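Chemist: Let me begin by handing over the structure; questions about it come next.
What follows draws every value from the coordinates through simple rules; no lab data is involved. Keep in mind it's a predicted model, so treat the numbers as computed, not measured. Note that each Cβ is placed from the backbone with ideal geometry, even for glycine, and that neighbours are counted across all protein chains shown.
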Amino acid sequence: MADLSIRYATALFEISQEGGLQKEYLEQAQFLANSLKNDDAILILTHPRISAEEKFAFINNTFGAAIHQDLMGFVRLVIAKNREAFLLSALNRLVEMIKHNLRQTTARVTSAVPLTDAQAATITRILTNKLNKSVDITVVVDPSIIAGISIHVDGYLVDRTIKSMLRDMKDTFTICR
């Protein structure tokens, strides 16, 4: 499955580069992926009893005006080839490829309490400077971490939460027995 998603994403990425449309494709691919995922529209596209014509009509009516013709052509191709299960994966890969090329990334910041705008801006600024990339942050509030924050970005994890420190202490004492 991954190979086909990568091939689709790579083809779209190359088209976006040739046309100078990377930022537009990035925004629209994110919008399309989020819409399909959040609205359960992917269930319509992957349903075996819904015809390709009905799926085409659904896509055109829902996203036709908001999505570039190349991306719409890609979605139509996926439907025509009966490969709707690869759509979200390919769109997510495309987003990753374009973000990497544009030196952008997203960090997931977990905190026990909501961050203030100033705290979020400070974290964004620090990460942008450290990574030498434009960084957007997604803040997740998880009271179970007790206090502190954890930051997950580009495969790295910085975990300075009380929950992880207590777990580490427990593991240390268990080993010392």
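Chemist: What nm value, rounded to one decimal, do you get for the distance between Leu157 and Ser35 when each label is placed 7 Å out toward the C-beta?
Modeler: 3.5 nm
Chemist: Once log10 I(q)/I(0) by the Debye sum over Cα atoms at q = 0.08, 0.10, 0.13 Å⁻¹ is worked out from the coordinates, which option in (1) -0.37, -0.54, -0.79; (2) -0.22, -0.35, -0.60; (3) -0.33, -0.49, -0.72 does it equal?
Modeler: The calculated read-out lines up with (1).
Chemist: With viscosity set to 1.306 mPa s and temperature to 10 °C, compute the Stokes-Einstein D of segment 104-176, Rh being the Kirkwood radius across alpha carbon pairs; µm²/s, no decimals.
Modeler: This corresponds to a translational diffusion coefficient of 121 µm²/s.
Chemist: To make sure I understand the rule: partners must be aspartates and glutamates, Cα under 19 Å from the Cα of Lys163, and not fewer than 8 residues away in the same chain. Which ones qualify?
Modeler: List returned: Asp142, Asp171.
Chemist: Between Ser51 and Gln17, with labels modelled 7 Å along Cα→Cβ, what's the label distance in nm to one decimal, could you check?
Modeler: Here the modelled spin labels are 4.1 nm apart.
Chemist: Could you grab the relative contact order for the chain? Cα pairs under 8 Å, six or more apart, rounded to a whole percent.
Modeler: Computed value for the chain: 21 percent relative contact order.
Chemist: Quick one: plug the Kirkwood hydrodynamic radius of segment 2-100 (C-alpha pairs) into Stokes-Einstein at 4 °C, 1.567 mPa s, and report D in µm²/s.
Modeler: Value of D from the Cα-based Kirkwood radius: 97 µm²/s.
Chemist: Apply the Karplus curve 6.51 cos²θ - 1.76 cosθ + 1.60, θ = phi - 60°, to the phi angles in segment 40-53 and return the couplings in whole Hz, x for Gly and Pro.
Modeler: So the J values, rounded to whole Hz, are 6, 5, 4, 5, 5, 5, 9, 5, x, 9, 9, 6, 4, 4.
Chemist: Here's another thing I want to ask about it. For a Förster distance of 41 Å, can you work out the FRET efficiency between the beta-carbons of Glu24 and Met165, rounded to the nearest 0.05?
Modeler: 0.40
Chemist: For Lys55, which aspartates and glutamates qualify as cross-link partners when the Cα separation must be under 16 Å and same-chain residues fewer than eight apart are set aside?
Modeler: Partners found: Asp39, Asp40, Glu84.
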